[in-house]
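Read the structure below first, then the notes.
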Amino acid sequence: MIMSCVQRLEIRLKRPNAIFETWLENWLREAERRNSKSRYKLREALNALKMYPLPLASGRECGILRGFGPALCKLIDNEMRREQHKAQAIVANNSRYQNEIQNVVESVKKNKRNQKDKQTKLTKKERKALEEKQWRSKEVIMQPGTFRIKLIVDTQETSGKHKRLLDQTRSYLECLKVDYEIRRLTVGDFLWIACDQEGNELVLPYIVERKRMDDLSSSIRDGRFHEQKHRLNQCDIPNVIYLIEDYGENEHLGLPIENLQQALINTLIHNRFSVAHTENHSRSIAYLQGLTQILIRIYKDKVLKSCANVDMARVSQSSDAEVSLRKFKSLNEDSARNAQLTVKELFILQLLQLHSLSLEKSLAITKIYPTPRFLVEAYKACKSLQDARQLLANIRFGQLQRPVGSKISQSLHDFYTNEF
């Protein structure tokens, strides 16, 4: 017969009611300090609590022990409620604190995302600028037989207010079998490009500005004539041609025919532009067709290389087998109206809009006073109003070195000193 022995395991907590003991110890110390009679009951209750082996959940349960009266049990329950409120407050504070931390974390993440997006955008801009720089610096070489020469026609020559008349440009060019393309030009009305199969385009050093006599008259009156000549000078194409068309019998033009002829002579002499004259629009297109054929013969057997605008004047008259030309895209972008104009150039354009101010007079004035600010400060430095109004009268202009005159000087003084 086999007998087995089973041993019972007894687990006792060292301090099953440690919190209650702590409270009682604190209350006992306070009672002894005040020499209160309650110290006897508290000491009795504390000893009984320390000897009790099981945990108690409330003051009411402590009533089974010696020394725990109703008042002491209620005191323990009140203390428990206060501790519970503290715990709840701590939890609530912790929750608010966690929410604040979460908000801060989200804000930091958002700022990082925004900063990353901004850096990405800046990187795209920088990448675009780098690509543009690389494209401009890339050398293009066209060997003879690998390119064709094409006439580029500004969109304003084939569409606009007088569409019936302007459509004739297309029909005339097609009848004359001219290889042409219509694009938006930022300067001039016609120019020629050499293009290869890779899409590279180089500009031949010739550009044409077409003017009908009535348009010439209106452009002189509103200042566009001088502005257009200024932009043609700035585009760095050395061979500029003004193509002038008759307007019927050249009557009712708005200005005397003699004034228009003088303006063309000044353009020929002072600006060193070529001036061609035709009887009507069909003759103008025939002129362009003939010039296209001449340019094809000149350049078809040459090696064409891309270059910066600073080389254009030097290479345009070169007779070598290799010629340097500007890229069409860079020329069109750099020649955009008002692009990269200095304050002095803008001042000149402003003066040209004023009555009786020619380009020669404007250049003479801006040579001494390059900006409106210099001019206004010079007015303020004058000793009297009369001196200020005559400040510009004796400035010389043109080849004959004639003075600007008192009337223009007074008009400019009134214009730049009046407060609007």
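The values are calculated or read from the model by the stated rules, or taken from the named source; none is laboratory data. Computed from a prediction, not measured in an experiment: that's the story for all the values here. No Cβ is skipped: glycine too gets one built from the backbone with ideal geometry, and neighbour counts run over all protein chains shown. Note: areas computed on protein heavy atoms with side chains; ligands, DNA, RNA excluded. Shrake-Rupley method; radii C 1.70, N 1.55, O 1.52, S 1.80 Å.
A count restricted to segment 248-270 and to residues that are closer than 30 Å to S324 by Cβ and crowded, with 16+ Cβ neighbours inside 10 Å stands at 1.
The residue pairs whose first member lies in segment 350-368 and is without any contact (Cβ under 8 Å) to a residue 40 or more places away in the chain, whose second member is in a helix (DSSP H, G or I) and surrounded by fewer than 19 Cβ atoms within 10 Å (Cβ to Cβ), and whose beta carbons are closer than 7 Å, counting only pairs six or more residues apart or on different chains, are T366/K344. Among the residues making up segment 399-420, those that are outside any helix (DSSP H, G or I) and loosely packed, with under 12 Cβ neighbours inside 10 Å are Q399, L400, Q401, N418, E419, F420. Candidates in segment 287-302 are the residues that are farther than 15 Å from R148 by Cβ and in contact with a strand residue (DSSP E or B) (Cβ under 8 Å, 6 or more places away or on another chain); of these, the one that is least open to solvent (accessible area, probe 1.4 Å) is L288. Cβ-Cβ contacts under 9 Å between residues 6 or more apart (or on different chains), taken from a first residue in segment 240-257 that is at pLDDT below 90 to a second residue that is in a loop (DSSP other than H, G, I, E, B) and of a type in the set (A, V, I, L, M), are listed as Y247/L253. For segment 388-397, the count of residues that are closer than 30 Å to W135 by Cα, in a helix (DSSP H, G or I) and at pLDDT 80 or above is zero. Candidates in segment 28-42 are the residues that are part of a helix (DSSP H, G or I) and more than 16 Å from G67 (Cα to Cα); of these, the one that is most open to solvent (accessible area, probe 1.4 Å) is R33. Among the criteria (1) out of contact with any helix residue (DSSP H, G or I) (no Cβ under 6 Å at 6 or more places or on another chain); (2) open to solvent by less than 40 Å² (accessible area, probe 1.4 Å); (3) of a type in the set (D, E), the one E245 does not fulfil is (1). For segment 377-398, a residue qualifies if it is open to solvent by 40 Å² or more (accessible area, probe 1.4 Å) and either small (G, A, S) or in contact (Cβ under 8 Å) with a residue 12 or more places away in the chain (or both), and the qualifying residues are A381, S384, R389, Q390, L391, R396. Going by the structure shown, is V310 within 40 Å of the chain's Cα centre (by Cα), under 25 Å from R148 (Cα atoms), at pLDDT below 90 and aliphatic (A, V, I, L, M)? Here the answer is yes, as V310 does meet what is asked. A residue that is within 60 Å of the chain's Cα centre (by Cα), free of Cβ contacts under 8 Å to residues at least 60 places away in the same chain and surrounded by 10 or more Cβ atoms within 10 Å (Cβ to Cβ) cannot be found anywhere in segment 58-67.
Each residue in segment 199-226 was checked for being open to solvent by 10 Å² or more (accessible area, probe 1.4 Å) and modelled with pLDDT of 90 or more, and 5 of them qualify.
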